[in-house]
Amino acid sequence: MEQRHLGRTGLRVSRIGLGTLTWGRDVDEHDAADMLKAFWEAGGTLVDTADVYGDGEAEYLLGQLMEGLVPRRDLVISTKAGSVPDPGRRFNGSRGHLLAALDASLARLGTDHVDVWHVHAYDPDTPLEETLQALDLAVSSGRARYAGVSNFCGWQIAKAATWQLAAPGSRTRLASTQLEYSLLQRGVEREVLPAALDLGIGLLPSSPLGRGVLTAKYRNSTPPDSRGASEHLAPFVAPYLDETATRIVDAVRTAADGLAVTPLQVALAWVRDRPGVAAPIVGARNAQQLTAALSVEALSLPDEICRALDDVSAPVHRYPDHDWSTL
């Protein structure tokens, strides 16, 4: 699998990442082992997790698998901290919480460092410089090799990255940002991607298959074994089961038929090769699903297909994104 630099850093990652959102909850240790092995054998390196995935079980399971299945040195482990199970405060970006969460993550993963550590979301109740200092301390202590942010909007990521760049040598530059990005969700193109490109931050798209909808499996009904049929994930899928999504999925199917590939491959290749993207993060239920996603490695979409997909999925961005005099 092709390797790419993560933002403007020396770290290289596989251009498809393996997500572990459902590990330890919907994905058991056997399926997780099969997926990690298939991913590694395909040349994949980037494995993404978080301290809240499966209430910590995803990290623990990954740590167990690294003991005997896949060498730790062959993987680029990315995890996140800052989300908390508190209805009164969804995110905690305080220095104390973040560093304690990192130590707990390292214990579950059974390693002395993670390769990339992300703040899971912006915390409006904590000064941003305090949150960012936790990243500096994590990197300077060797517990994290690189740092990034997740789910920050445009002005938040620009402010954070600029703060870090203001004191080179004492503050660690942001290597990456993780947000949802797909043909069904192109909101990052408004401000996040331009900021990331300008500041040298690599984008790690989550839900690159539109929460599974872009595979076209929901076109006529909801498969009983899908996330859309799951009690706790059905609300996650539902927003993408509307008429707009149907129109985009139909265009993806048409492109797939013309190229003799699958809708999954078309949708994943599109987002993988967008400007600023380092590696889409793919979550799968089993090794068979993951192998189908990894088969995209050999596919590059023709320019005319990309333009057609761009047109059918284009979000409405007017002023101030475009010069007011052209409106």
Would you call Ala101 part of a loop (DSSP other than H, G, I, E, B), closer than 13 Å to His120 by Cα and in contact (Cβ under 8 Å) with a residue 12 or more places away in the chain? no
Filtered residues of region 181-212 (kept if open to solvent by less than 10 Å² (accessible area, probe 1.4 Å) and within 12 Å of Tyr240 (Cα to Cα)): Ser182, Leu183, Gly210
Out of the residues in region 293-327 that are modelled with pLDDT of 75 or more and among the charged types (D, E, K, R), which is most open to solvent (accessible area, probe 1.4 Å)? Arg307
Can you pull out every residue in region 251-273 that is touching a residue at least 12 places away in the same chain (Cβ under 8 Å), open to solvent by 30 Å² or more (accessible area, probe 1.4 Å) and out of contact with any Leu (no Cβ under 8 Å at 6 or more places or on another chain)? Arg253, Gly258, Thr262
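Confirm whether Gly93 is part of a loop (DSSP other than H, G, I, E, B) and crowded, with 22+ Cβ neighbours inside 10 Å.
On the way: part of a loop (DSSP other than H, G, I, E, B): yes; crowded, with 22+ Cβ neighbours inside 10 Å: yes.
Yes, satisfied.
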So which residues in region 215-245 are open to solvent by less than 40 Å² (accessible area, probe 1.4 Å), within 23 Å of Ala50 (Cβ to Cβ) and in a helix (DSSP H, G or I), if there are any at all? Gly228, Ala234, Val237, Tyr240
Strands (runs of 3 or more DSSP E) (entirely within region 1-78) containing at least 2 residues that are under 15 Å from the mean Cα position of the chain (by Cα) and of a type outside the set (Val, Ile, Thr): 17-19, 46-48
Enumerate the pairs (first residue in region 120-147 and open to solvent by 70 Å² or more (accessible area, probe 1.4 Å); second residue anywhere and modelled with pLDDT under 95) with beta-carbon separation below 9 Å, excluding pairs fewer than 6 apart on the same chain, so at least 6 apart or on different chains. Asp125/Arg89; Ser140/Ser170
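Could you tell me which residue of region 2-33 is modelled with the lowest pLDDT, considering only residues that are among the β-branched types (Val, Ile, Thr) and either within 16 Å of Ser78 (Cα to Cα) or surrounded by fewer than 20 Cβ atoms within 10 Å (Cβ to Cβ) (or both)? Let's see the steps before the verdict.
The first filter runs over region 2-33 and keeps only residues among the β-branched types (Val, Ile, Thr), leaving 9, 13, 16, 20, 22, 27.
If we keep only those that are either within 16 Å of Ser78 (Cα to Cα) or surrounded by fewer than 20 Cβ atoms within 10 Å (Cβ to Cβ) (or both) as well, we get 9, 13, 16, 20, 22.
Details: Thr9: 98, Val13: 98, Ile16: 98, Thr20: 98, Thr22: 94.
Applying the filter and picking the extreme gives Thr22.
Looking at Leu69, Leu36, which one is open to solvent by less than 30 Å² (accessible area, probe 1.4 Å) and out of contact with any Ser or Thr (no Cβ under 7 Å at 6 or more places or on another chain)? Step through it out loud before you land on a result.
Numbers: Leu69 fails: open to solvent by less than 30 Å² (accessible area, probe 1.4 Å).
Leu36 is the lone residue from the list that is open to solvent by less than 30 Å² (accessible area, probe 1.4 Å) and out of contact with any Ser or Thr (no Cβ under 7 Å at 6 or more places or on another chain).
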Condition check: over 17 Å from Thr172 (Cα atoms), open to solvent by less than 10 Å² (accessible area, probe 1.4 Å), within 20 Å of the chain's Cα centre (by Cα) and among the polar types (S, T, N, Q). Does Ser150 satisfy that? no
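The values are calculated or read from the model by the stated rules, or taken from the named source; none is laboratory data. These figures come from a predicted structure and were not determined experimentally. Because the Cβ atoms are built from the backbone with ideal geometry, glycine has one as well, and the counts that use them run over all protein chains shown. The accessibility values were calculated without ligands, DNA or RNA, using every heavy atom of the protein model including side chains. Shrake-Rupley method; radii C 1.70, N 1.55, O 1.52, S 1.80 Å.
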